[in-house]
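Step one of this worksheet: look at the structure below.
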Amino acid sequence: MYIVSRTARFVRGALLSYGPRTLKRYVWNKEFAVGTWNFIDNTAGDCVYPILEKYARNGSVLDLGCGPGNTANEMGVNSYSSYLGVDISEEALAKAVRRSNSSGRGNKNRFEAGDFIAFKPEGRFDVILFRESMYHVPLGKIKPMLDNYSSHLTDRGVFVVRMYLTHPNGEPIRRPTRMVEVIGKSFGMIEKAHDSKTGAGVIVFSPRPHA
């Protein structure tokens with residue numbers, strides 16, 4: 001049973017990283033529609049928030065792979081001035097809009113449908129956030145994708161990535177560890193945080209100045 005479950009997770013992960021956009025949209029819409037991801041509706045107190053608010057500094061946030069809008073509605077309301085969430089799932093975005101309207105943030109939070117790997121935003125942002133979404137980026141596409149988004153950072157802007165880096169026993173999780181290595185080779189690390197109890201990690205980095 002464990003082998004079957006592990007194989008199913010591997011196949012799903014491969015499809016969501018390498019599959020065509022229409023297939024990815026179908027899978028995410030179906031999962032959000034049936035409540036598979038309801039457990040992320042309340043993530044208040046997560047380790048990402050103090051760091052996210054520190055670098056947002058009442059500025060603009062671009063959240064790539066924003067899901068149902070939990071981040072947009074749980075970060076401090078006075079810690080940012082504008083928020084753009086992007087997700088491939090219309091089901092998730094509809095929930096994000098409803099939640100933002102209910103919380104009184106409808107004027108600050110807006111959402112667009114799209115595959116964030118190839119999304120082309122307008123304007124520049126103080127924080128570009130990948131909260132768990134970096135898992136779905138093939139290793140070979142991480143640097144080109146971040147290079148493209150670098151031009152959409154303000155002069156003080158940073159990337160923030162949150163994902164699980166270690167197992168409960170403290171052993172590093174292989175793929176996220178490789179992702180951090182890829183990022184570290186091409187970008188300037190500013191801050192790293194790790195919650196040993198949950199295994200969650202947050203890294204903050206910016207494009208290195210051109211020589």
Notebook entry, point to check: When you go through (1) within 23 Å of PHE119 (Cβ to Cβ); (2) without any contact (Cβ under 8 Å) to a residue 40 or more places away in the chain; (3) among the small types (Gly, Ala, Ser) one by one for SER206, which number turns out not to apply?
Noted result: (2)
Next item on the list: Within the stretch 163-187, work out how many residues are part of a strand (DSSP E or B) and more than 15 Å from ILE142 (Cβ to Cβ).
Entry: 3
Notebook entry, point to check: Since PHE119 meets every condition but one in (1) in contact with a Gly (Cβ under 7 Å, 6 or more places away or on another chain); (2) part of a loop (DSSP other than H, G, I, E, B), which condition does it not meet?
Noted result: (1)
Checklist line | Residue among ASN58, ASN73, ASN78, ASN42 that is over 20 Å from ARG175 (Cβ atoms), buried (at least 19 other Cβ atoms within 10 Å of the Cβ) and either modelled with pLDDT of 95 or more or touching a helix residue (DSSP H, G or I) at 6+ places or on another chain (Cβ under 9 Å) (or both) | finding: ASN73
Check: Do you know which of the residues in the stretch 121-146 that are charged (D, E, K, R) and in contact with a helix residue (DSSP H, G or I) (Cβ under 8 Å, 6 or more places away or on another chain) is farthest from ARG208 (Cα to Cα)?
Finding: ARG131
Item checked: Filtered residues of the stretch 96-114 (kept if closer than 19 Å to ASN29 by Cα, touching a helix residue (DSSP H, G or I) at 6+ places or on another chain (Cβ under 6 Å) and either surrounded by 16 or more Cβ atoms within 10 Å (Cβ to Cβ) or at pLDDT below 95 (or both)) -> ARG99, PHE111
Check: Do the conditions hold for GLU132, that is, is it over 15 Å from the mean Cα position of the chain (by Cα) and among the acidic types (Asp, Glu)?
Finding: no
Checklist line | For ARG162: the one exception among (1) touching a Leu at 6+ places or on another chain (Cβ under 8 Å); (2) at negative phi; (3) without any contact (Cβ under 8 Å) to a residue 60 or more places away in the chain | finding: (3)
Check: Quick one: which of THR154, THR198 is of a type in the set (Ser, Thr, Tyr) and farther than 18 Å from ARG124 by Cβ?
Finding: THR198
Notebook entry, point to check: Looking only at residues in the stretch 135-156 that are touching a Gly at 6+ places or on another chain (Cβ under 8 Å) and either outside any strand (DSSP E or B) or buried (at least 16 other Cβ atoms within 10 Å of the Cβ) (or both), which one is modelled with the highest pLDDT?
Noted result: HIS152
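The values are calculated or read from the model by the stated rules, or taken from the named source; none is laboratory data. Keep in mind that what you see is a predicted model, and the values were worked out from it rather than measured. Positions of Cβ are backbone-derived with ideal geometry, glycine not excepted, and every protein chain shown enters the neighbour counts.
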